[in-house]
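Okay, so here's the structure we're looking at.
The values are calculated or read from the model by the stated rules, or taken from the named source; none is laboratory data. Note that the structure is predicted; figures quoted are calculated from it, not measured. Don't worry about glycine lacking a Cβ; one is built from the backbone with ideal geometry, like all the others, and counts go over all protein chains shown.
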Amino acid sequence: EMDPQERAFQERINANDKIEPKDWMPDGYRKNLIRQIGQHAHSEIVGQLPEGNWITRAPTLERKAILLAKVQDEAGHGLYLYCAAETLGVSRDQMTRDLLSGKMKYSSIFNYPTLTWADMGAVGWLVDGAAIMNQVPLQRTSYGPYARAMVRICKEESFHQRQGYDIMMKMANGTEAQRKMAQDALNRFWGPSLMMFGPSDENSVHSAQSMAWKIKMNSNDELRQKFVDQTVPQAEYLGLTVPDDTLRWNEERGHYDFAQPDWDEFFDVLKGNGPCNTERLEARNKAWDEGRWVREGLLAHAAKKRAAAAQ
Ligand code: ACO
């Protein structure tokens with residue numbers, strides 16, 4: 001039997017009320033949101049690394065300016081999301097510590113390397129495309145600060161996705177070597193992009209409760225299918241081949257049938273054994289350590305100002 005406070009809370013959720021920071025909420029709701037928003041924030045921050053890798057090597061000044069702006073946007077997304085998580089009573093310092101120690105997760109996708117310039121296209125097109133597919137419905141999520149953060153993030157993610165597709169168009173319609181590079185990027189990023197939506201519904205431990213609380217609006221498999229349905233025609237338009245021999249339009253279902261990604265690989269990446277897990281955490285730890293003097297300087301400055309104001 002549900003306690004009356006929890007029942008009233010569930011009724012608010014069912015009525016599509018937004019839950020705000022000072023409202024009563026079940027501990028599980030708070031914990032689950034801190035986990036999801038925290039992981040999401042970390043993904044934005046770590047997500048700067050694979051693309052940051054190409055800023056100095058972008059082929060033109062224009063491409064460099066665009067990529068730089070995009071990577072800065074990702075940092076901004078991380079910051080709004082840390083703020084949203086902080087309204088639930090966890091500090092950004094704590095979340096940062098838990099990222100740096102490997103205790104908190106970030107998206108599996110960012111543990112793959114970006115080997116060629118075409119990967120900037122594939123990341124924008126597929127990774128940001130998958131991110132939007134997942135985040136547009138989160139604009140309606142039940143927790144107010146998270147839902148509101150999603151509005152701006154989704155606008156910026158759409159620009160990211162378009163810039164990625166634009167790179168893919170250039171590459172796919174370029175020289176034979178460029179076309180091959182584009183195909184190779186699609187080959188490597190297809191499976192990992194499908195994994196971004198999380199494990200299959202039957203292996204998704206959080207989905208049932210998160211959907212009942214409208215922390216999540218759709219199941220992992222639902223969004224994965226939507227992503228495939230949207231992306232296959234885009235690959236066809238590019239003249240590229242999705243690396244899946246079983247891929248075919250299923251007239252009856254009104255969806256594409258497609259092969260599942262390699263779930264053993266996914267769980268292995270989650271355990272820390274992906275191609276770049278160690279490198280990513282080392283890069284974040286290095287940035288944190290090297291930024292120490294900035295943090296100390298800012299704290300000393302704030303203390304001085306407080307002391308002056310108190311006189
Ligand atoms: N990468 C890393 N971990 C993952 C991934 C993934 N792609 N998918 C699932 N997991 C983890 C979950 O965090 C969970 O682990 P935990 O209990 O230790 O936290 C476990 O696998 C089981 O998965 P689910 O029960 O399905 O987890 P959940 O309900 O949280 O669903 C999802 C996962 C869909 C990613 C959800 O958290 C979500 O929608 N998050 C918000 C969006 C987001 O974080 N996007 C990040 C990438 S986009 C970007 O940054 C550009």
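For the reader, a short list of remarks on this structure follows.
- Of everything listed in (1) in contact (Cβ under 8 Å) with a residue 60 or more places away in the chain; (2) more than 18 Å from the chain's Cα centre (by Cα); (3) not in a helix (DSSP H, G or I), the single unmet condition for Pro243 is (1).
- Within the stretch 265-283, the set of residues being within 14 Å of the ligand (Cβ to nearest atom) and in a helix (DSSP H, G or I) comprises Glu265, Phe266, Phe267, Asp268, Val269, Leu270, Lys271, Gly272, Asn273, Asn277, Arg280, Leu281.
- Residues of the stretch 15-67 satisfying the condition of being hydroxyl-bearing (Ser, Thr, Tyr) and either within 12 Å of the ligand (Cβ to nearest atom) or touching a residue at least 40 places away in the same chain (Cβ under 8 Å) (or both): Tyr29, Ser43
- Test for Glu202: is it in a helix (DSSP H, G or I), within 30 Å of Asn273 (Cβ to Cβ), without any contact (Cβ under 8 Å) to a residue 60 or more places away in the chain and out of contact with any strand residue (DSSP E or B) (no Cβ under 9 Å at 6 or more places or on another chain): yes
- In the stretch 112-122 there is no residue that is in contact (Cβ under 8 Å) with a residue 24 or more places away in the chain, hydrophobic (A, V, I, L, M, F, W, C) and either more than 22 Å from Glu279 (Cα to Cα) or within 9 Å of the ligand (Cβ to nearest atom) (or both).
- Some residue of the stretch 243-264 being at positive phi, modelled with pLDDT of 95 or more and either in contact with a helix residue (DSSP H, G or I) (Cβ under 8 Å, 6 or more places away or on another chain) or not aliphatic (A, V, I, L, M) (or both): yes
- When Leu79 is tested against (1) outside any helix (DSSP H, G or I); (2) more than 30 Å from Arg179 (Cα to Cα); (3) aliphatic (A, V, I, L, M), just one condition goes unmet, and that condition is (1).
- Subset of the stretch 164-187 (residues that are within 16 Å of the ligand (Cβ to nearest atom) and either touching a residue at least 60 places away in the same chain (Cβ under 8 Å) or hydroxyl-bearing (Ser, Thr, Tyr) (or both)): Tyr165
- Subset of the stretch 205-240 that is part of a loop (DSSP other than H, G, I, E, B) and loosely packed, with under 14 Cβ neighbours inside 10 Å - its residue that is nearest to the ligand (Cβ to nearest atom): Val205
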